[in-house]
Amino acid sequence: MAWGILLVGIGVGAYRLEGVSPRSILSFSQSLFLVLGAVGAFWLLYNLTTYVLALGNIPGFATASSKVVAHPFLYSAAFGSSLLFTALPEEFVFRGYFQSKLITESGGTGWRAVATGTGTAAVLFALFHLPRWFLMSGHGVGPALATRLSVLVISGLAFGLIYALTNNLWLVALFHATMNQPPLLFTVNIPAELHFVVGIIEYTTMVGFTIAVLYLTSSNLISAV
């Protein structure tokens with residue numbers, strides 16, 4: 001929670017200096033219900049995929065009910081907490097402010113500006129998690145840190161691409177919270193050595209899913225803000 005409050009303070013201060021109202025970044029647009037529908041459809045796809053893998057006897061996947069099913073209220077509380085105190089503050093700062101600012105400073109239009117802004121914001125997003133890695137997790141420098149930073153950069157790139165495509169911070173924050181608290185109805189225990197590969201597949205699928213939704217809805221998912 002402290003990290004989230006710190007980020008909100010930094011973000012609000014930065015927006016004020018830029019003369020931008022923070023409310024305009026987080027306002028509920030007419031696409032809210034479509035956002036919820038898109039995230040719900042992604043949850044459905046997520047669970048269908050895990051169920052099919054479990055039926056195929058893929059190691060790490062089972063058809064037994066998960067803790068989400070056993071404790072739905074605890075999961076809802078955890079997801080809500082992740083959304084409000086982690087995902088939303090981080091996206092508010094790193095996508096809403098840093099990425100947008102970096103794209104503007106890089107030219108504002110064209111794929112090079114978008115790539116520069118999105119990539120730089122993703123790296124900053126990964127580096128922001130270093131203090132938590134050292135202070136709270138008790139881990140040191142090593143292969144595990146390199147893997148962790150790589151996954152964070154990949155996730156930052158995915159969230160950044162989705163934000164660049166939709167300009168919808170709520171959609172990105174909900175996807176972010178989904179990855180922090182996966183809504184899996186079936187038991188999943190992926191081997192540690194496969195976390196990186198699975199992460200790449202998950203985030204790539206998320207971006208592809210967003211592009212498909214934009215195509216199917218004639219880009220109505222894009223925020224008017």
| Do we find a residue being out of contact with any helix residue (DSSP H, G or I) (no Cβ under 6 Å at 6 or more places or on another chain) and not hydrophobic (A, V, I, L, M, F, W, C) anywhere in segment 116-124? | yes
| request: Can you tell me which residue within segment 159-198, out of those that are part of a helix (DSSP H, G or I) and hydroxyl-bearing (Ser, Thr, Tyr), is nearest to Asn57 (Cα to Cα)? | output: Thr178
| remark: Glu202 fails exactly one of (1) surrounded by fewer than 17 Cβ atoms within 10 Å (Cβ to Cβ); (2) without any contact (Cβ under 8 Å) to a residue 24 or more places away in the chain, namely (1)
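Within the bounds of segment 140-150, is there any residue that is buried (at least 20 other Cβ atoms within 10 Å of the Cβ), in a helix (DSSP H, G or I) and modelled with pLDDT of 90 or more? Lay out the reasoning, then the answer.
The first filter runs over segment 140-150 and keeps only residues buried (at least 20 other Cβ atoms within 10 Å of the Cβ), leaving none.
So far as segment 140-150 goes, no, none of its residues is buried (at least 20 other Cβ atoms within 10 Å of the Cβ), in a helix (DSSP H, G or I) and modelled with pLDDT of 90 or more.
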| Failed criterion for Ala77 (all others in (1) exposed (fewer than 13 other Cβ atoms within 10 Å of the Cβ); (2) part of a helix (DSSP H, G or I); (3) modelled with pLDDT under 95; (4) out of contact with any Ser or Thr (no Cβ under 8 Å at 6 or more places or on another chain) hold) | (3)
| remark: Filter segment 81-119 for residues that are among the hydroxyl-bearing types (Ser, Thr, Tyr) and buried (at least 19 other Cβ atoms within 10 Å of the Cβ); the one that is farthest from Trp170 (Cα to Cα) is Thr118
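The values are calculated or read from the model by the stated rules, or taken from the named source; none is laboratory data. In this text, all values refer to a predicted model and were calculated from it rather than measured experimentally. A quick note on method: Cβ atoms are made from the backbone with ideal geometry, for glycine too, and the neighbour counts reach across all protein chains shown.
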